[in-house]
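See structure below.
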Amino acid sequence: MTQKMQPDTRSRSQRKVPIMPAVDFPHGARVEVQVGRVHIAVFNINGEYFALYGRCPHQSAPLSRGRLQGTVICSEETCWETKWVHDGEVLVCPGHGMEYHVRSGKAFGYDLKLRTYEVVVEEGQVTLVL
Amino acid sequence: MESDGPLVKVRKVEASYNPVQDEDLDQFGKELSELTIVDVDVHVDDTLMFMLDYMEGHFRKRLETVLQADFKGEPGNSLRNMIAHIAWLGSSYDKPPRAKLAAKEDLLARMEKGIIDYSILFPSELLPIGYLPEPEWAASLAKAYNQYMVDAYQNTKGVKIAIVVAPQHPASAAEEIDRHASHPDVVSVCLPDVGVNPPIGDEKYEPIYAAAARHSLPISFHGIEALIHDNYPLRVAHFHTLMQVNSMGFPFTSMLQIMSVVCAGIPVRFPNLKFAVLEAGLTWMPFIMYRLDAAYLRYRTELPALEKKPSEYIRDWYIGTHELEALPRRGDLVKLIELYQGQDTTMWASDWPHLERDLIAGFMRYEMDETLRRKILGENALEFFGLTPPK
């Protein structure tokens, strides 16, 4: 499912989908955008917009409804100490708790990355670039 | 919106602990509404407070004492939390969605979607009942639970009840079966299989099987997650994380109990008795069936009551899909079911609304022919619980 969502190497024209005026989409707000059959979750975190593929590959729960918090990591970088990181930027699937970094779409603990989408503000409109 | 592109819909949403309690059904609404759907593992709010009015004598006073305590769990005063999650409180940083307790209205709202034809209610609060060391107390709680559930949920369209019995008090368990078996909304007897010692095939439990067989009431074994109990493989002494306990606890307990029942020859003594295993997933079924068959070659004389190989008894057991393992390929579930010969015995179960509940998409993602899909989603459960086909 996710592989089909990764057309990075395919050249095609960009499509812009206006979502709503930026004034209506403040920090802390989130929307679900459905483009055809594809659901996309869009978040405003401290004025930055993030858009990710909106269905969890596990059992298709709606990621737009997930909570944003931090998570724990333990790696060579942390000298194998457990640390709390990415506070406010970890999207937790409301279905069963799979976690995704909103910046990259990468799932914590899985070899899996959700497609992410560029979001721009043009003429006061929050706009998805597909 | 561009006119030549696909339709775009934008919807403001809120973060939620539990947004997908039953919205997941809508995704397949049209496809599923044509089929008979039986959800064979559904839970409603049955916390201890509901049982108070049904308790008698000094046990009523005792339950009042329990209800005054604050165990800092969710919900408070929960038997499950007293002996389950407290050991690992907070270990997952609250990431898995909270187990919302479903009130009767929540259940009715889910049923009113018109997708699920039958919901079979299994206990939540009393699943660890087999662990309680005092047989009289356990039996008293089971009796109160059963009467409460019958009073609260009888004559509710599409809702059926599995009564629970306290295995450590077989005489009382048999009485409970005798009391409720003829009720049209009671469709199974739930034998909680966790913490039960000795294992559930022991001679001690014969009155329970005899009563269920007498009334042709099928028996369902339903597991529960972590309990603080040092009796491996029934429990947890050798693990230090909840994930390990949760992953191994359910299937290990189920394998132990199936082995115990089959090796004790109970299916031979009570040939009309039907069994199901719930909440343990599916993947271990081939393992226990054929591992026992291999050993049976050498040790058959230890089990002189058996008239055929262990796997030929176990393949008659019904099994709930929850917690459905995430198999890597879409054709894998069919292969697995073929291995344990479960085409006529596998039943879809969600465990709604518990935190580990399966969304129906988790089942629908697997490829299979429509005949098998119909059987798993409903027809096998109609057969097991003796339900009237709704459509």
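Please treat every number below as a calculation from the coordinates, not as lab data. Every value quoted in this text rests on a predicted model; they were computed, and no experiment measured them. Every residue, glycine among them, receives a Cβ derived from its backbone with ideal geometry; neighbour counts consider all protein chains shown.
Return B:S124, B:S220, B:S260 ranked ascending by Cβ neighbour count within 10 Å, so the fewest neighbours appear first. With the sparsest Cβ surroundings first, the list reads B:S260, B:S124, B:S220. With a 10 Å cut-off around each Cβ of A:62-74, the average count of Cβ atoms from other chains is 4. Neighbouring Cβ atoms from other chains, within 10 Å of the Cβ of residues in A:97-106, number 1 on average. Apply the a/c threshold of 1.5 to the C-alpha gyration tensor of segment B:33-385 and tell me whether it is rounded, prolate or oblate. Because its axes are fairly even, with a/c under 1.5, segment B:33-385 counts as rounded. Distances between placed amide hydrogens fall under 5 Å for B:E125 paired with B:D46, all partners being 5 or more residues away or on another chain.
How big is D for segment B:287-360, in µm² s⁻¹ as a whole number, if Stokes-Einstein is applied with the Kirkwood radius of its Cα pairs at 4 °C and 1.567 mPa s? Translational diffusion coefficient: 91 µm²/s.
Within chain B, helices built from complete DSSP H runs that reach 20 Å or longer along their own axis (Cα positions) and carry a mean Kyte-Doolittle hydropathy of 0.0 or higher are B:242-263, B:285-299. Separation of the alpha carbons by more than 27 angstrom is noted, of A:K16/B:K113; B:K204/B:K308; B:K143/B:K375; B:K157/B:K335, for A:K16/B:K113; B:K143/B:K375; B:K157/B:K335. Here the 3J(HN,Hα) profile of segment A:120-126, calculated from phi with Karplus coefficients 6.51, -1.76 and 1.60 at θ = phi - 60°, is 10, 10, 10, 6, x, 9, 6 Hz, Gly and Pro shown as x. For GluC sites (Glu not before Pro), the sites in segment B:22-65 that DSSP calls loop and that have at most 10 other Cβ atoms within 10 Å are B:E34, B:E56. Scalar couplings 3J(HN,Hα) for segment B:215-223, obtained by applying the Karplus form with A = 6.51, B = -1.76, C = 1.60 to θ = phi - 60°, are 9, 6, 9, x, 9, 10, 8, 10, x Hz; x denotes Gly and Pro. Here the relative contact order of chain A, from alpha carbon pairs under 8 Å that lie six or more residues apart, stands at 26 percent. Helical runs (DSSP H, four residues minimum) scored at -39500 (n - 2.57) apiece and divided by the length of the protein assembly as shown put the mean residue ellipticity at 222 nm at -8000 deg cm²/dmol.
Computed from backbone phi with θ = phi - 60° and the Karplus coefficients 6.51, -1.76 and 1.60, the 3J(HN,Hα) list for segment A:81-93 is 9, 7, 10, 8, 9, 6, 4, x, 10, 9, 8, 9, 4 Hz; x is used for glycine and proline.
For B:I163, nonlocal amide neighbours, meaning residues 5 or more places apart or on other chains whose placed amide H falls under 5 Å from its own, are B:V187, B:S188, B:C190. Site-free segments of chain A were taken between GluC sites (Glu not before Pro) in DSSP loops having at most 12 other Cβ atoms within 10 Å, sites themselves excluded; the longest one is A:1-80.
Computed over the protein assembly as shown, the quotient of the alpha carbon radius of gyration and 2.2 N^0.38 Å is 1.05. One decimal place: the segment B:E136-B:R179 gains 13.7 nm when fully extended, by the rule 0.36 nm per residue minus the C-alpha distance. Footprinting exposure proxy ranking of B:D46, B:D178, fewest other C-beta atoms within 10 angstrom first, gives B:D178, B:D46. Label separation (B:E64 vs B:L339): 5.5 nm, computed from points 7 Å beyond Cα along the C-beta direction. Would you mind telling me the antiparallel percentage of the DSSP bridges in the protein assembly as shown, rounded to 5? Counting only bridges with both partners in the protein assembly as shown, antiparallel ones make up about 65 percent.
Looking at segment B:285-349, the GluC sites (Glu not before Pro) that sit in a DSSP loop and have at most 16 other Cβ atoms within 10 Å of their own Cβ are B:E307, B:E325.
What is the percent of Cα-Cα separations in segment A:15-129 that go past 23 Å? Value for segment A:15-129 (Cα pairs over 23 Å): 29 percent. Spatially, segment B:275-313 and segment B:167-227 are offset by 21 Å when compared through their Cα centroids. Sorting B:V245, A:V38 from the fewest to the most surrounding beta carbons within 10 angstrom yields A:V38, B:V245. Look at the alpha carbon pairs under 8 Å that are at least 6 residues apart: their mean separation over the length of segment B:33-385 gives a relative contact order of 19 percent.
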